[in-house]
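Below: the structure, in C-alpha cells.
The values are calculated or read from the model by the stated rules, or taken from the named source; none is laboratory data. For clarity, every value in this text was computed on a predicted model and none was experimentally measured. Here the Cβ positions follow ideal geometry from the backbone for every residue, glycine too, while neighbour counts run over all protein chains shown.
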Amino acid sequence: MKKIIIILLITAMSGNIFSQKKELKIVEKFIKSEDFNSAIKNLELISNSIESSENKIKAKYYYLKGLSLYQNGESDFDMQNNAIKQFKISKSLNVGDISEKSVKILQSIFNNYIEKYNSLYDNKNFTDSYKHIESAYRIYEKDTFYLYNAAIVANQAKLYKESLQHYLELVDMGYTGISMGYYATEKESGKESMFNDKKSRDLVVKFGTHDNPRDIKSQSQEVNILRQISAIYKRNEDFDNSLKYLDNALDVNENDVNVILDKASLYWTMGNIQEYEVSISKVLEIDPNNYDLLCNLAILNKEKGNYEEATKFINRAIQIDDKNIRGITIAGEILLQPADEILDEMNSLGNSRSDYKKYDELNEKRELVMLEAVTFFEKAFQIDNENQFVITTLYKLYSNLGNEEKYEFYKNLVK
C-alpha cells in the first residue's frame, strides 16, 4: 500500500512539474510577443505550487515574472521595483544560465536607475530622483554611498521620514563616508581623472597616458549625518532625540563649532536660555576671531529677535574686517528690523487725536532708524557698487524717507 502511495505521489509531482514547465513555455512566448498582461495571468496559475518545485523551475519562474513586470523598462516605477524583487530571488537560487540572466538584467536596471537619478536631480526633481537612487541601492545593498545620497536627496525633497530612516540605517551600519579615491592626471589634457580602483589607475599610468598618481582619502561624514538626524528630530519637535544626536556628534568631535551652534539654536528653541549662553560661550572660546562665525551668530540672534546680542556679534565681526560687505549689510539689516515693528504699530492705530499724535512720533522714530541703517548700506555700496541687494535696499529706503534724488539714483542702478 505504501509503495502505491509513493508511486502516486511521484506521478503527481512529475505531472505537476510537467504542467509548470509547459506553463512557463507559454509565458515565454507571451513575453517574446510583449503580451505582458497575459504572461502575468499565466504565471498566477502556477504561483501557489511554485515554492514546492525544484530550484531550476523556481529560478525560471521568478526570472520570467521579473521580465513580465519590468516590460522592457516601460512599466511604471512600482512594477519595476517589484520586478527587481523577482530577479533577486532568481539570482539567489544560483541556478546556471537563468540566474546569470537575472544578474545581468539587475545590473542593467541599476545602471538605468542611476542614470535617471542623475537626470532627475539635475532638473531639481528631488522626489523622483530620490526614488531612483534609493531603489538602485536596494538592488545590491552593498555600496552605502548610494544610501547616503538617498538620505540627502530625500531631505531635499522634504521627505523627512524617509531621510531620517536612511540616516539611522547608516548610523547602525557604522557608516562614516570615508573612502579612498584613486586619481591621476591625464597627460594630454592636464585634467584630473578619478578611477574606481587602484588597479585601473595604475594601469593607465603604466600605459603612459596619465601621470602623478595619488591616493586621496575622503573626509568623514559621520558628524554631518548625526547633525542631519538631529535637525529632522528638531523639525518634528522631538527635542530629546535631537539633543541626543548632537551629543553623539560631539563625542566624535567635541570642538566642532557647527554642532555646538546647533545645540545653541536647539536650546533657544526649547527656551533654555542658560544652556544657550553656555554653548555660545564655548563656541567663542574655540574660535573667538572667526568672522563668518560672528556674522552667523548675529543672524541667529536677529532671527530670534535678540537685537542687542545680534548687534554685539556683528560689531565684533566688523572690528575684525571692516571692508567685508557681508558684515556691513548684516549690521544694516539688524538696525532695520525695528523699523518693520514700528510700521506694524503705526498701522494698528486708530483715528483719534491721540492716535494721530502717536503716529507722528512713531513715524519720526522709524525715519531715524532707517537713516541709521542707510549709513551702513551706503558704506556697503562704496565697497561693491554692483551689489543688487544693497542697491535695491537703498532705493527702497530713500523712497520711504522721501529723498527723491537718491531714490532715482539707486532705482536707475537696479538690473
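When the residues of the stretch 41-69 are filtered to those that are at pLDDT below 85 and of a type in the set (G, A, S), which remaining residue is surrounded by the fewest Cβ atoms within 10 Å (Cβ to Cβ)? Going through the qualifying residues, I end up with S47.
Which one is surrounded by the fewest Cβ atoms within 10 Å (Cβ to Cβ), of the residues in the stretch 377-387 that are touching a residue at least 40 places away in the same chain (Cβ under 8 Å) and not in a helix (DSSP H, G or I)? Write out each step before concluding.
Step one: of the stretch 377-387, the residues touching a residue at least 40 places away in the same chain (Cβ under 8 Å) are 377, 379-380, 383-384, 387.
Those left that are additionally not in a helix (DSSP H, G or I): 384, 387.
Values: D384: 14, N387: 17.
For the stretch 377-387, the residue satisfying everything is D384.
Residues in the stretch 266-292 that are under 27 Å from D340 (Cα atoms), surrounded by fewer than 20 Cβ atoms within 10 Å (Cβ to Cβ) and either within 29 Å of the chain's Cα centre (by Cα) or of a type in the set (G, A, S) (or both): T269, M270, G271, D292. Which ones in the stretch 350-376 are more than 44 Å from the chain's Cα centre (by Cα) and either in contact (Cβ under 8 Å) with a residue 12 or more places away in the chain or not assigned by TED's automatic domain parsing to the domain that holds N400 (or both)? Scanning the stretch 350-376 gives Y359, L362, N363, K365.
Residues in the stretch 121-161 that are more than 20 Å from A83 (Cβ to Cβ) and among the β-branched types (V, I, T) were compared, and the one that is surrounded by the most Cβ atoms within 10 Å (Cβ to Cβ) is V153.
In the stretch 295-323, the residues that are farther than 17 Å from Q337 by Cβ and without any contact (Cβ under 8 Å) to a residue 40 or more places away in the chain reach residues that are not in a helix (DSSP H, G or I) and not aliphatic (A, V, I, L, M) with C-beta atoms within less than 7 angstrom, at least six apart or across chains, in these pairs: I320/N289. The residue pairs whose first member lies in the stretch 153-173 and is over 15 Å from I133 (Cα atoms), whose second member is at pLDDT 95 or above and among the basic types (K, R), and whose beta carbons are closer than 8 Å, counting only pairs six or more residues apart or on different chains, are Y160/R235.
The rows are residues; the columns are (1) under 19 Å from C295 (Cα atoms); (2) among the hydroxyl-bearing types (S, T, Y); (3) surrounded by 14 or more Cβ atoms within 10 Å (Cβ to Cβ).
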| residue | (1), (2), (3) |
| --- | --- |
| R326 | yes, no, yes |
| I334 | yes, no, yes |
| M346 | no, no, yes |
| S352 | no, yes, no |
| L362 | no, no, yes |
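Restricting attention to the stretch 72-82, does a residue exist that is more than 30 Å from Q156 (Cβ to Cβ) and touching a residue at least 12 places away in the same chain (Cβ under 8 Å)? Looking through the stretch 72-82, at least one residue is more than 30 Å from Q156 (Cβ to Cβ) and touching a residue at least 12 places away in the same chain (Cβ under 8 Å).
Summed over the stretch 334-376, residues that are small (G, A, S), more than 22 Å from F313 (Cα to Cα) and in a helix (DSSP H, G or I) total 1. Taking the stretch 162-199 as the range and being among the charged types (D, E, K, R), part of a helix (DSSP H, G or I) and surrounded by 10 or more Cβ atoms within 10 Å (Cβ to Cβ) as the test, the residues that pass are E162, E169, K198.
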